[in-house]
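Taking it in order: structure first as structure tokens, then the write-up.
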Amino acid sequence: MVLIAILLLQVACIFGPPNVIDVSGYPPEMQRRYALFAHKCSRCHSLDRPIQARIGIGGWDDYVRRMSRHPGAGISLADQREIAIFLEYHAKKELEQKR
Amino acid sequence: MTQRSPAGWIAPPLALLLVALAPGATLALDYNFAGSVSLNYRLLVNRLSEPREQRSVMLPGFNINASVKAVVDVSPWLSATTKVCYGCHGLEAINMVAELTPHPAFNIRAGRFQPAFGDFYLRHDPTAHKTPGNPLPYDMGHMVHGREWGYGIVPVPYVDNGAEVYGTLRPTNTVSLAYAVHIVGGFKSPEQTSPNTVVQDFALRRSRFVTSTDYLVDNNRWPGIGGRLALTFARSADMSPAVPDITVGGSFMYSRYDDMDQLGYFIYGVDMYLHLWRVNLRAEVLRRQLDIDARLLDYPEGRSTGLRMMLDPVTVSKEGFYVESDFPLGNYLEGVLRIDGMRRTGPRPARANPDEAMLPPQQRTYRPPPAAALDFDDWVMRYTVGLNIIPLTGAKLKLSYEHWRFSSLPDDSYRRDQGNFHDREYMIHLALVTSF
């Protein structure tokens, strides 16, 4: 069991986190915000949930704010804004692609 | 007639009041609709040739857990959420709550919801936690010998009617202190209509196997109170990735669970979360102290089972823990390792009525509950290795192998024959989880 754990952890350190979405074409600051989003939000749920959420444009600030209020969520006010900016940006991109 | 606790009376009007007082309550700003479907499959590989025995010690084969959730943001400070779940207990509302969020340090929710307790309750949805089933202290139906154990210490999702005040204080950008205080109906047991329906460990029965009335409304005047405190250090964007996010928390719940307001429970625990690089490490320790009424082991004629002296003091303790780590393995895989366990100490239901010892078996009326197969000091451990495959956004296949160990009691023939206990069990647990 311990050996398996060590092996898996070593592999984990080699590869990156699952890319729920492809942000390679996003500006660097948005890629940085995506990393923050993945870091903070994966604590409580998979990243699929917010990515697939049907939040209207302009609604992400309130949504991230409310999610961050769960006891122990550990998302600072500054990080809330950064995450909301990314999700807003991504939602707009998705909308543009659908049109 | 079933009595309602103060929390049961207060919750509905408080929810309405929150809606009425909220700024801009007449205009809904936004809606969100989400859901998930989780198809589970369990198999004990060491009992492949014993199909009926599998069923006697757990729930093998397929079961489904599906939920849909609707959130209405009435205003930036008020939202209402409804979440309906279909699972082993049928269709049930596990969230029906109005939430007023005027300030990060002070928020109120009222209605039907999960009170804040521990670290796992936020991740109760199958799309959120990494293993196919809950950790043992929070198990609700996935464990081997769950009937004997009365499942976890706080079977999750634990949903109740009431209100909760919660908030987060942020003395610095990286340190926060979150609190939550709730008043709810509390756990409840079925009415003691018969001395043979012994309620032992099982205040937490939440299903409609009892009766719909027992399930949906409170059974006594005592509200359940509880709370949670969590201190978090969260790495800021300008810090090195080698600096971890850390949360340390503590939680408790207290109330009485019987319809005579006599039997209490006290549940408390501490939890820890650490996120370093791409690895999550979580650990919790829980304990439940539960009063047991020794009279429940008497018979209508007032005779004792003969074990009553042995059953004093009438308190059952159940302790549990888990340590779990999950980490990504590239773009499409996740690994999970977990060790969890529980220990139960204290009285157990009588295995036989001594007064019936002289009767032939077919004439005996006493039916020992499943917990009679446990020892006075019993334990279970589980070691889990899991691999999750993420073929596309919104879908995940969870595979896990679980090695179960139960306390070895080779001289206990009742446990072996009636309880069907083996010292070791080996389970394959799969879950296909989709979210939308």
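Observations on the model:
- Net charge of the neighbourhood of residue B:341, taken over other residues with C-beta under 10 Å away and scored Lys/Arg +1, Asp/Glu -1, is +1.
- Computed over protein heavy atoms with a 1.4 angstrom probe, the accessible surface ordering of A:63, B:138, A:89, largest first, is A:89, A:63, B:138.
- Sites residue B:332 and residue A:24 - FRET efficiency at Förster radius 22 Å, r taken between beta-carbons, to 0.05: 0.85
- Straight-distance candidates among the lysines for linking to residue A:98, with alpha-carbon spacing under 25 Å and chain neighbours fewer than 8 residues away dropped: B:69, B:396.
- Counting, for every residue in B:34-43, the Cβ atoms of other protein chains within 10 Å of its Cβ and taking the mean gives 1.
- Annotation: residue B:342 carries an accessible surface of approximately 10 Å², with a 1.4 Å probe and no ligand, DNA or RNA atoms counted.
- Between residue B:423 and residue B:236, the contour length at 0.36 nm per residue exceeds the alpha carbon distance by 62.6 nm.
- Spacing of the two label points (7 Å from each Cα toward its C-beta) at residue B:93 and residue B:106, in nm: 2.9
- In range of the label at residue B:387: residues from segment B:28-67 whose backbone nitrogen is under 19 Å from the point 7 Å along Cα→Cβ: B:41-43, B:45
- Distances between placed amide hydrogens fall under 5 Å for residue B:263 paired with B:257, B:258, all partners being 5 or more residues away or on another chain.
- Ranked from largest to smallest solvent-accessible area, with a 1.4 Å probe on the protein heavy atoms, B:108, A:57, B:292 come out as A:57, B:108, B:292.
- Per-residue mean of foreign Cβ neighbours for B:229-237 is 5 (Cβ atoms of other chains, 10 Å radius).
- Note that segment B:405-412 has calculated 3J(HN,Hα) couplings of 10, 10, 4, 8, 10, x, 8, 8 Hz, one per residue in order, obtained from phi through the Karplus relation 6.51 cos²θ - 1.76 cosθ + 1.60 (θ = phi - 60°); glycine and proline are x.
- Test item: B:274-283 mean partner chain Cβ contacts at 10 Å: 3
- Each residue of segment B:330-335 is assigned a 3J(HN,Hα), and the resulting list reads x, 7, 10, 10, 10, x Hz, derived from the Karplus form 6.51 cos²θ - 1.76 cosθ + 1.60 (θ = phi - 60°), x at Gly and Pro.
- Between the amide H of residue B:106 and those of B:168, distances stay under 5 Å, these residues lying 5 or more places away or on another chain, with hydrogens modeled in the peptide plane.
- For the chain pair B and A, the buried solvent-accessible surface (1.4 Å probe, both sides summed) amounts to about 4500 Å².
The values are calculated or read from the model by the stated rules, or taken from the named source; none is laboratory data. Because the structure is a prediction, the values reported are computed rather than measured. All Cβ positions, even for glycine, are placed from backbone atoms using ideal geometry, and neighbour counts span all protein chains on display. Just so you know, the surface numbers come from the protein's heavy atoms only, side chains and all, with ligands and any DNA or RNA stripped out. Shrake-Rupley method; radii C 1.70, N 1.55, O 1.52, S 1.80 Å.
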